[in-house]
Amino acid sequence: MSRRRMVYEGKAKILYEGPEPGTYIQYFKDDATAFNAEKHEIIDGKGVLNNRISEHIMGALNGIGVPTHFIRRVNMREQLIRACEIIPLEVVVRNVAAGSLAKRLGIDEGDALPRPIVEYYYKDDKLGDPMVSEEHILAFNWANQQDLDDMVALALRVNDFLSGLFLGVGIKLVDFKIELGRIWEGDFQRIIIADEISPDSCRLWDVDSGKKFDKDVFRRDLGNLVDAYAEVAKRLGILPESGGAVVAGPKLVKASKKEKGS
Ligand code: UDP
């Protein structure tokens with residue numbers, strides 16, 4: 001027996017070599033981090049919920065022709081994904097003022113923005129993911145103009161689609177972050193959505209009460225993170241109303257004698 005090869009370990013996920021060339025297995029950990037990993041906790045069940053929620057969202061995006069790296073979920077914590085060359089940028093789309101935008105510009109959290117706003121951050125933990133402009137991106141060749149046009153078009157399509165998806169279940173999509181990667185199809189390069197889309201990377205507020213169902217629950221110590229993420233999963237129809245079942249670990253099922261022999 002040989003051990004599978006780990007390709008990369010991040011704060012919340014691990015990448016392993018996939019079963020075929022050009023694929024990886026993405027494993028969702030229970031680690032929650034904030035403020036550039038200064039705050040860190042293990043939260044039982046978070047990885048399972050993010051795996052399911054990201055599967056639901058990426059699968060739906062694939063279904064409407066927005067290309068993502070997601071191929072299929074393989075178990076409670078893992079999904080099979082297409083390998084791509086990650087562009088070192090985080091693309092944030094905002095509909096409502098919150099977090100760093102509210103702080104930086106002195107806008108009240110919760111104020112609706114006049115139009116969706118797209119921002120870029122350079123992925124570098126040592127620098128704390130600084131905000132950058134198109135000028136920086138082009139000058140330092142992190143992406144070219146065509147890549148940028150594709151990235152913005154994808155980000156805005158994701159925003160429209162997710163805003164509707166969440167509004168349908170009584171949740172306001174305040175903002176979110178996506179990461180993108182390049183794949184090659186013959187002579188053509190294509191930009192696809194990578195990483196995850198989950199309550200770790202979105203701000204999700206209850207339409208009626210304003211209650212938060214996202215990572216701010218952890219960042220700001222607002223209560224139980226798994227309950228918040230499970231509420232999102234329940235409303236999306238991923239978890240049964242009673243909840244719980246998906247968060248529990250897998251059960252060992254013994255094959256019957258008849259099956260063993262066949
Ligand atoms: N975000 C993220 N990873 C990051 C930074 C931000 O997923 O490293 C998400 C965050 O959850 C929110 C949106 O991007 O949905 C905008 O985050 P913001 O710039 O307000 O930063 P924060 O207040 O989270 O530091």
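The values are calculated or read from the model by the stated rules, or taken from the named source; none is laboratory data. Note that the structure is predicted; figures quoted are calculated from it, not measured. Note that we place each Cβ from the backbone using ideal geometry, even for glycine, and neighbour counts take in every protein chain shown. Please note that ligands, DNA and RNA were not included when accessible areas were found on the heavy atoms of the full protein model with its side chains. Shrake-Rupley method; radii C 1.70, N 1.55, O 1.52, S 1.80 Å.
Observations, loosely collected:
- Tallying residues that are of a type outside the set (Asp, Glu) and within 22 Å of the chain's Cα centre (by Cα) within segment 111-140 yields 13.
- Qualifying residue in segment 215-225 (condition: aromatic (Phe, Trp, Tyr), touching a strand residue (DSSP E or B) at 6+ places or on another chain (Cβ under 9 Å) and either within 14 Å of Ala32 (Cα to Cα) or surrounded by fewer than 22 Cβ atoms within 10 Å (Cβ to Cβ) (or both)): yes
- Positions within segment 31-68 being in a loop (DSSP other than H, G, I, E, B) and open to solvent by less than 30 Å² (accessible area, probe 1.4 Å), in sequence order: Ile43, Gly45, Val66, Pro67
- Qualifying positions in segment 187-217 - away from the ligand (no atom under 13 Å from the Cβ) and free of Cβ contacts under 8 Å to residues at least 60 places away in the same chain: Asp187, Phe188, Gln189, Asp206, Val207, Asp208, Ser209, Lys211
- Only listed residue being more than 16 Å from the ligand (Cβ to nearest atom), closer than 24 Å to Tyr122 by Cβ and part of a strand (DSSP E or B), chosen from Tyr8, Tyr16: Tyr8
- The set of residues in segment 187-230 being under 22 Å from Asp129 (Cβ atoms) and in a strand (DSSP E or B) consists of Ile191, Ile192, Ile193, Ala194, Cys202, Arg203, Leu204, Lys212.
- Of the residues making up segment 37-71, just one is of a type outside the set (A, V, I, L, M, F, W, C) and in contact with a Gly (Cβ under 8 Å, 6 or more places away or on another chain), namely His69.
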